[in-house]
Amino acid sequence: MKDKISKISEELEQLVAESHEQLEQLRIRFLSKKGQIPALFADFRNVAPEQRKEIGLALNTLKQKAAEKITELKNMLDQTNALKSSDTDLTKPAEELNIGSRHPISLVRNRITGIFQNIGFNISDGPEMEDDWHNFSALNFPPEHPARDMQDTFFIEKGKDYSQQVALRTHTSSVQVRVMESSSPPIRTLSPGRVFRNEAISARSHCIFHQVEGLYVDKGVSFADLKQTLYYFAREMFGEETKIRFRPSYFPFTEPSAEMDISCILCKGEGCNVCKYTGWLEIMGCGMVDPTVLKNCGIDPEVYSGYAFGMGIERIAMMLYSVRDIRYFFENDARFLKQFTSAF
């Protein structure tokens, strides 16, 4: 009995079938009522009692092996027939995959954040719909400030009580307020994100754009620290030969405040139509955080000081890529987007 089981097991390992008809003949040969394996089960009654456990286990294993082999051959035949009946030409060269590329705004944003992360800034995020406190009041915007007007802000809820107003954020400074309220100095954070302003759409402006704003608060922070940080950023972003200059300006949340220009990266400061023949390009606003803002966020201005800066990603992308119309960034035209593979 053992020899018969071993012989049939070896035959099963060598089985092949070139058609379903041939496979059916094999099934009948091994598994039908008059097949070889059922015949062994019929002879099982003649096995000595002391061998029945061993022989019974071997018979069950053999039957399972035969059933699995028949199923395996059937699956192989089905797959082969499916390929033969399909219209697929397996010899035809594969079609080129159109993988696509990153959006230029994403490329520039990642480059900016990477530079500041190298000097210890972390990334913070916040909601795009903001209440009046985080978007305006905590940042020292008085109730009569023109930025609160309907022509500058998209209000979700607007009423006489400013504390109840909700608007689409007009800057990512609202994220900085949340960071200062929820953590203690030293604070070194960068807030990239999308912002909204109720402006007419043109080649130079849009109602939706992206900002990156930075904040550093600690003991003894000075304007000199701000200048050195921005010198480092400008040279990493635009090249070692880049020069920067500061012009006095005004922002409600910083004092003193300044606008920062860089030497034109296209004409190297010689003067061209992009820089309006001045040799300089404005890229960001900056300044020392107003003590009132620190106080509003629960930070003692007698102990801590800080600086803040903010830049528009679209403005920098337009300079880097010589894009003349900001609307291109929002039209999702594949012909425009597929040109960008890096930040330079």
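Coordinate-derived values only; no laboratory data. Keep in mind that this is a model prediction, so the values were computed, not measured. Backbone-built Cβ (ideal geometry, glycine too); neighbour counts: all protein chains shown.
Quick rundown of the values:
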quantity	calculated
Contour excess over end-to-end distance, with Cα ends at Val16 and Leu337 and 0.36 nm allotted per residue	110.1 nm
Semi-axis lengths (Å, descending) of the ellipsoid that matches the C-alpha gyration tensor of the stretch 216-318	30, 13, 10
Fewest-first ranking of Arg111, Arg204, using other Cβ atoms within 10 Å as the exposure measure	Arg204, Arg111
In Hz, Karplus ³J(HN,Hα) per residue of the stretch 307-312 (6.51, -1.76, 1.60; θ = phi - 60°; x = Gly, Pro)	10, 9, 8, x, 9, x
The chain: Cys lacking any partner C-beta under 4.7 angstrom	Cys207, Cys286, Cys297
Prolate/oblate/rounded call for the stretch 177-237, Cα gyration tensor, a/c under 1.5 rounded	oblate
Trp280 long-range amide H proximity, modeled H, under 5 Å	Cys264
Neighbour-count order for Thr91, Thr278, Thr254, fewest beta carbons within 10 angstrom listed first	Thr91, Thr278, Thr254
Potential extension, Gln164-Phe330 segment - 0.36 nm per residue separation minus Cα distance	56.6 nm
Pairwise FRET efficiency - Trp133 versus Glu302, Cβ, R0 = 25 Å, nearest 0.05	0.60
Cα-based shape type of the stretch 104-337, given that a ≥ b ≥ c are square roots of the gyration tensor eigenvalues and the cut on a/c is 1.5	oblate
Under 30 Å from the Cα of Lys74 - lysines, other chains or at least 8 residues apart	Lys2, Lys4, Lys7, Lys33, Lys34, Lys63, Lys65, Lys84, Lys92
Computed helical MRE - 222 nm, the chain, DSSP H runs ≥ 4 contributing -39500 (n - 2.57), nearest 500	-11500 deg cm²/dmol
By average C-beta atoms within 10 angstrom, highest first, the peptides 138-146, 285-293	285-293, 138-146
Cα shape, the stretch 2-85, gyration tensor, a/c 1.5 rule	prolate
Pairwise FRET efficiency - Asp3 versus Glu50, Cβ, R0 = 25 Å, nearest 0.05	0.90
Relative contact order computed over the stretch 2-85 (Cα-Cα under 8 Å; 6+ residues apart), in percent	40 percent
Mean Cα-pair separation over length for the chain, i.e. relative contact order, pairs under 8 Å, 6 or more apart, %	15 percent
Cα→Cβ-extended label distance, 7 Å offset, between Glu24 and Thr278, nm	8.9 nm
Relative contact order (%) - the stretch 158-256, alpha-carbon pairs under 8 angstrom, separation at least six	20 percent
